[in-house]
Amino acid sequence: MIYLDHNATTPLHPRALEAMLPFFEKSFGNPSSYHRIGRQARTAVEQSRTRIAQLLGCDAPEIIFTSGATEADNLAIRGIAQALRSRGTHIITSTVEHHAVLKTCQALEAAGWHVTYLPVDRAGRVDPADLEKNIRADTILISIMYANNETGVVQPLADLSTIARRHGILFHTDAVQAFGKLPLPRAPQICDLMSLSSHKIYGPKGVGALYVKKGTPLTPVLTGGHHEFGLRAGTENVPAIVGFATAAEIAWNSCTQESVRLAGLRDRFEEQLLASIPEIIIHGKAAHRLPNTSSISFLSVESESILLHLDLMGICASAGSACTTGEPEPSHVLRAMGCTPQVAQTSVRFSFGRETSEGDLDTVIKALETTIRKLRGISSIA
């Protein structure tokens, strides 16, 4: 199998698994219990919190563990909306956000909030000038993703967050795809809230985190006990948290070297496809992108057909975000970038990882040459 869907999820790193195992077995206590086994679990959670905080350059109490990035996004956006409702009801985001952000904003709109969805250019970038001119007196939150999960396009986050700070508006970023793939500045320098996910960086599924800068007003979304400093009720998933911290350290420490390797693979992959297959579009190619991500439209061929053929050859890729699989509409990200529905329906996302090799990509290129030639011969797409 050749796995090129790392933006959907990644295999668990062996060292992360090894770190998790004791907390399934002997150290299985509830971290809120006072006895020895409970204290062992609490120590593991707090050590993991400190380890992740050190990577982000923040204080340990500013890390709130969640069940994943979707919950982290919800906590950030709903939590700020509720906490600051008396100050204003206007939120700014972009048209290319993950659905965990977009659908949360849409739900708030239905409940009386006002949301501005910033457009992007054809390369998928938000224009900081657009953000500036859409800020209102009642704007309470700006939420712009760090890097797009479908195209890999990296937003000009430093410029955007500077504008937010100048206007005294809280800034949230969904950094799920950027964390562990790009060298990031210290979290306090670029945002007030940052969402992270474990399973995108070779950690376990079912755990994530929200960085919340000290002093940021936030209303809990889940209510119950006083877990996670009163911001996220529910017993912490100790094994997953430990695995998350271990995977995060590994990804962070190898990020610079690995990003150079992956960018080289991506560029070589795209150059060879452009040379061997006519009528293809590489989305976001003109922008700064994640080093591991390549979103390509093979014109006149539906992506679903391509993926089925690749799967039969043992190659795993995707048509975009795994969270939107099964939706009848073409990618909202590519539509926002100016693609027609017909072009958006032909896109395939290849996302590389730590085990991806040149040999793997040579195999995929040959498979695509054969597959696209065959499918174009029978395609009914205009």
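The table below lists the values:
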quantity	calculated
Complete set of residues in the range 314-340 that are at pLDDT 95 or above, surrounded by 13 or more Cβ atoms within 10 Å (Cβ to Cβ) and not in a helix (DSSP H, G or I)	315, 316, 317, 318, 337, 338, 339
Qualifying residue in the range 134-141 (condition: within 21 Å of the chain's Cα centre (by Cα) and in the same structural domain as residue 77 (by TED's automatic domain parsing))	yes
Cβ pairs under 8 Å, 6+ apart, first in the range 294-305 and on the phi > 0 side of the Ramachandran plot, second buried (at least 18 other Cβ atoms within 10 Å of the Cβ)	300/346
Breaking point among (1) within 23 Å of residue 7 (Cα to Cα); (2) crowded, with 23+ Cβ neighbours inside 10 Å, for residue 182	(2)
Subset of the range 289-313 [surrounded by fewer than 17 Cβ atoms within 10 Å (Cβ to Cβ) and either in a strand (DSSP E or B) or small (Gly, Ala, Ser) (or both)]	300
Residue ID - farthest from residue 46 (Cα to Cα), chosen from residues in the range 202-221 that are part of a loop (DSSP other than H, G, I, E, B), touching a strand residue (DSSP E or B) at 6+ places or on another chain (Cβ under 9 Å) and aliphatic (A, V, I, L, M)	218
Matching residues in the range 271-288 - criterion: being crowded, with 24+ Cβ neighbours inside 10 Å and either part of a strand (DSSP E or B) or among the hydrophobic types (A, V, I, L, M, F, W, C) (or both)	283
Complete set of residues in the range 12-45 that are of a type in the set (Lys, Arg), over 17 Å from residue 226 (Cα atoms), free of Cβ contacts under 8 Å to residues at least 40 places away in the same chain and part of a helix (DSSP H, G or I)	36
Enumeration of residues in the range 57-83 that are among the aliphatic types (A, V, I, L, M), over 14 Å from residue 174 (Cα atoms) and surrounded by 20 or more Cβ atoms within 10 Å (Cβ to Cβ)	63, 64, 80, 81
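The values are calculated or read from the model by the stated rules, or taken from the named source; none is laboratory data. Since we're looking at a predicted model, the values are computed, not measured. Neighbour counts are summed over all protein chains in view; Cβ atoms, including those assigned to glycine, are modelled from backbone coordinates with ideal geometry.
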